[in-house]
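The values are calculated or read from the model by the stated rules, or taken from the named source; none is laboratory data. The structure displayed is predicted, hence computed values, not measured ones. Here Cβ is always computed from backbone atoms with ideal geometry, including for glycine, and neighbour counts include all displayed protein chains. Accessible surface areas use protein heavy atoms only, side chains included; no ligands, DNA or RNA. Shrake-Rupley method; radii C 1.70, N 1.55, O 1.52, S 1.80 Å.
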Amino acid sequence: MGARSGSNYLSALKKLGAEVWLSGERVKDVTTHPAFVHCARSIASLYDMQLEHPEQMTFRTDDGGRAGLSWIQPKTQQDLVKRSRMMKRWADFSGGMLGRTPDYLNSSVAAMAAAHDFFAESDPRFGAHIQQYYREARHHDWCSTHTLVNPRASRAQGWAGGTDADLALKLVERQNDGMVVSGCRMLATLAPLSEELLVFPSTVLKASPEAQPFALAFAIPCNAPGLKFICRDPYDTGRSRIDHPLSSRFDEMDCVVIFEKVKVPWERVFLCGDMERCNALFGATNAVVHLMHQVVVKNVAKSEFLLGLAGRIAEASDAMSLQHVGERLAEMIMTTEVMRSCLRAAEADAAVDRWGVCTPARAPLDTARNLFPRLYPRLVEIIALNSSSSLMATPTEGDFEGPERADIEKYFAAADAPSRERVALYRLAWEVACSSFGGRQVLYERFFFGDPVRMALGLVDNTDLKPLIERVKAFLARTD
């Protein structure tokens, strides 16, 4: 099939019937349920974009069909840049507010499939499995989510990656036609709207026989028997796009995943019991670099969106000439340009890796992914500071149709925006800066790739400081 339509996605999701729980009730159909329907339609719109712009958003596969560019295994820098531009189109659609669009994992799976020898060194079957899964996923253009983190009941260090071994997802039985797993994983974003669940190693496992049951990498359909998703509170409360312009379209639900003796066929298992390869998986295959590439594209889109919002607020309120407003806008410009620069540097310095895939330079992407969790909360704060009390003067769409319409249209206008536009502008600012949806976005960005301190330490570990240290030593040794 290759690149699919939005209607195909919605139809497949409807038939899937995954076990999704919200507020104590099982959701019968996520494509019609008020908490999910609007985000489902937004994801469908992304798929439609591929068909509307095939030359810019798809590529020819070996069988002559077309697949979404997020599935490409780039061989050249040109391939990489084309994929980046396709990802940017998707990210711009939501202003970067959809963090787990399908391209996030598609690029990762493509990288893993190219590195199939890495898996085959653990078991020849696993190398074939990841290749076949990539081809099948690309053919169906599946929407996938993933889950990485085991639940933590105690801070006491244990051999399940510092988690409570009784709660963590683990292998409980090997059978001739597959393995059985049970336990829990925390946080699967977009899970109710996904068709596939990818389960990868979460934390560094110790080289101990007791760690083997936790060393797993596999994929299963989201409707697999024994698999269920427990959702957080929805932020889409059924209000209009004028009243809630972001949460009414882009509330990508977060879930806890429960596995109750879930059977995973062997052909969908990529690693099992190999602690060393589970620990090395993302780095050795360069999957993490391709994940970061998509994330930094999203960061650029999100920075640009918030900068544009702040600029329009300043323009509409005739505040461009105010020094403190200008200084804050300059801060947002610097953040945006740093994200753009990191993305461009990563693509400009891309090189073909050992698996034959043109891979972005890691250092600029690592820099961006460490900076953005620190910078994004400040972008949101600036939106709130520059909006000030106008964030509270936001009547609803219904008020414009009520008996007070004349007063609202008279008194809610701004210097460069009629009342309806001004109210819509500040309702958007409210969603970004003050709403539950906006709060979730800040939390999401803070911990997108995990604990910020561990990420920073990883950046140090992945940076070769020796040449710079030697340069300083040589400078100190000079006598001229």
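Summary table below
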| read-out | value |
| --- | --- |
| Anchor Lys466: aspartates and glutamates whose Cα lies under 20 Å away (excluding residues fewer than 8 positions away in-chain) | Asp366 |
| Full-extension gain in nm, Gln323 to Glu136, via 0.36 nm per residue minus C-alpha separation | 61.7 nm |
| Whole-Å semi-axes of the chain's equivalent ellipsoid (Cα gyration tensor) | 38, 30, 22 |
| Efficiency of FRET from Cβ geometry, Leu465 and Glu25, R₀ 56 Å, rounded to 0.05 | 0.55 |
| FRET efficiency, 1/(1 + (r/R0)^6) with R0 22 Å, evaluated for Ile242 and Ala415 via beta carbons | 0.55 |
| For the range 10-147, the spread of Cα positions along each principal axis, largest first, Å | 44, 37, 26 |
| Under 10 Å, Cβ to Cβ, from Glu173 - net charge with Lys/Arg +1 and Asp/Glu -1 | +3 |
| Helix-only mean residue ellipticity at 222 nm for the chain, each DSSP H run of n ≥ 4 adding -39500 (n - 2.57), per residue, nearest 500 | -15500 deg cm²/dmol |
| Heavy-atom accessible surface of the range 174-267: percent carbon and sulfur, 1.4 Å | 54 percent |
| Surface per residue (accessible, 1.4 Å probe) for the chain, Å² | 44 Å² |
| Point-to-point label distance, Arg41-Arg60, nm (Cα→Cβ direction, 7 Å offset) | 3.7 nm |
| Angle between the chain longest axis and helix 6-16 axis [Cα atoms, degrees, rounded to 10] | 60 degrees |
| Protein accessible area in the range 371-480, 1.4 Å probe - carbon and sulfur % | 60 percent |
| With every protein chain in place, the range 1-149: carbon and sulfur % of accessible area (1.4 Å) | 49 percent |
| Net charge contributed by nearby residues that have their C-beta within less than 11 Å of Ser390 (K/R +1, D/E -1) | +2 |
| Cβ-derived FRET efficiency at R0 56 Å, Asp480 paired with Gln175, nearest 0.05 | 0.15 |
